[in-house]
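The values are calculated or read from the model by the stated rules, or taken from the named source; none is laboratory data. If you're wondering where the values come from, they're calculated on a predicted model, not measured in any experiment. Cβ sites come from the backbone with ideal geometry, for glycine too, and all protein chains shown count toward neighbours.
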Amino acid sequence: MNCNGAGGGRGEGGLLRLQVYLAHSGVASRRACEKLIAAGRVSVNGIVVTGMGTKVSTSDTVCVDGNLTQPISAFHYIALNKPPLYICTSRDTENRPLAGDLLPPEIKERLYSVGRLDYRSSGLIFFTNDGEFAARLGHPSSEIEKEYLVEATGLIGSNVADSFLSGIEIDGTVYRAREVERLGRKALRIVLIEGRNREIRRVFSYFHLHPKSLCRIRIGPVRLGDLAEGGSRPLTGAELEALNNSARRG
């Protein structure tokens with residue numbers, strides 16, 4: 001359904017601020033929704049709204065970029081073991097396989113990935129329709145650890161681990177790992193905090209190394225464990241609580 005024209009009227013009770021309504025609809029975090037409103041991308045009953053004081057109810061027709069949004073009745077928090085050669089975006093112009101297509105078919109709501117895991121990498125990634133949860137975990141201040149196992153095609157010199165731990169500047173950006181442990185002549189265990197885009201691959205490339213495999217085995221307190229490649233499971237209540245606590249501490 002699109003939003004070309006007026007929709008339902010404004011209800012009498014259960015009014016929510018527009019940015020809260022959008023966040024409850026899984027659009028994004030409240031702060032990000034405020035930016036969408038200010039940019040003129042949100043309409044209520046066919047009228048573009050840019051003010052933060054607007055309140056709406058479930059009988060109103062609220063759209064973002066012309067697409068209808070509705071409050072979510074059930075939030076999902078899914079851990080997925082992404083195989084290599086799957087992409088985490090909701091669509092791909094190159095028609096590569098989508099990680100989201102591996103989610104359980106009984107979940108009808110649109111879920112989106114939390115954080116980055118590039119096309120060639122594998123391992124643990126979260127999917128959710130809770131914009132607030134995704135924003136908390138994805139914000140740099142959360143400082144949630146991500147742990148990886150990396151195997152290179154060639155021998156890894158000791159200078160790689162030392163440089164990564166102390167911080168190495170590449171093209172004006174400093175990359176620094178929290179932990180680096182040698183597992184063999186060609187393998188490392190690496191713990192990151194910020195997890196910049198393609199961080200490990202950029203550092204390896206700087207030392208003329210190429211990852212043969214790169215697998216994320218942990219996000220904060222949640223471990224990949226024995227989850228099969230391509231498999232998924234709901235996050236437990238204890239895991240969700242621990243993740244939220246970790247993000248708040250950050």
Could you please give the count of residues in the stretch 84-110 that are on the phi > 0 side of the Ramachandran plot and in contact with a Phe, Trp or Tyr (Cβ under 8 Å, 6 or more places away or on another chain)? 1
Going through (1) in contact with a helix residue (DSSP H, G or I) (Cβ under 9 Å, 6 or more places away or on another chain); (2) of a type in the set (A, V, I, L, M, F, W, C); (3) surrounded by fewer than 16 Cβ atoms within 10 Å (Cβ to Cβ) one by one, PHE126 fails only at (3)
Would you be able to tell me the number of residues in the stretch 29-53 that are surrounded by fewer than 16 Cβ atoms within 10 Å (Cβ to Cβ), of a type in the set (A, V, I, L, M) and closer than 20 Å to LEU68 by Cβ? 3
Conditions (1) surrounded by fewer than 18 Cβ atoms within 10 Å (Cβ to Cβ); (2) in the same structural domain as ARG116 (by TED's automatic domain parsing) -> SER213 fails only (2)
Scanning for something out of contact with any strand residue (DSSP E or B) (no Cβ under 6 Å at 6 or more places or on another chain), free of Cβ contacts under 8 Å to residues at least 40 places away in the same chain and in a strand (DSSP E or B), does the stretch 48-69 turn up at least one residue? yes
Restricting the stretch 145-164 to residues that are aliphatic (A, V, I, L, M) and within 21 Å of ARG116 (Cα to Cα), the one farthest from the chain's Cα centre (by Cα) turns out to be ALA152
Among the candidates PRO83, PRO71, which residue alone is under 21 Å from ARG233 (Cβ atoms), of a type outside the set (Ser, Thr, Tyr) and within 28 Å of the chain's Cα centre (by Cα)? PRO83
All positions within the stretch 225-240 that are free of Cβ contacts under 8 Å to residues at least 12 places away in the same chain and within 18 Å of PHE75 (Cα to Cα): THR236, GLY237, ALA238
Which one of the conditions (1) among the hydrophobic types (A, V, I, L, M, F, W, C); (2) modelled with pLDDT of 90 or more; (3) in contact with a Lys or Arg (Cβ under 8 Å, 6 or more places away or on another chain); (4) in the same structural domain as GLY231 (by TED's automatic domain parsing) does ILE156 fail to meet, given that it meets all the rest? (4)
Considering residues that are β-branched (Val, Ile, Thr) and in contact (Cβ under 8 Å) with a residue 60 or more places away in the chain, the number found within the stretch 171-224 is 3
Would you point out which residue out of ASP101, ASP92 is surrounded by fewer than 21 Cβ atoms within 10 Å (Cβ to Cβ) and either outside any loop (DSSP other than H, G, I, E, B) or in contact (Cβ under 8 Å) with a residue 40 or more places away in the chain (or both)? ASP101
When you go through GLY100, GLY115, GLY123 one by one, which is the residue that is at pLDDT below 90 and touching a strand residue (DSSP E or B) at 6+ places or on another chain (Cβ under 8 Å)? GLY115
Failed criterion for GLU181 (all others in (1) modelled with pLDDT of 95 or more; (2) in contact with a strand residue (DSSP E or B) (Cβ under 8 Å, 6 or more places away or on another chain); (3) in a loop (DSSP other than H, G, I, E, B) hold): (3)
Among residues of the stretch 94-153, those that are among the β-branched types (Val, Ile, Thr) and under 17 Å from GLU239 (Cα atoms), counted: 4
So which of GLU147, GLU229, GLU199 ends up being surrounded by fewer than 19 Cβ atoms within 10 Å (Cβ to Cβ) and at negative phi? GLU229
Residue that is among the acidic types (Asp, Glu) and either part of a loop (DSSP other than H, G, I, E, B) or more than 25 Å from the chain's Cα centre (by Cα) (or both), where the choices are GLU194, GLU132: GLU194
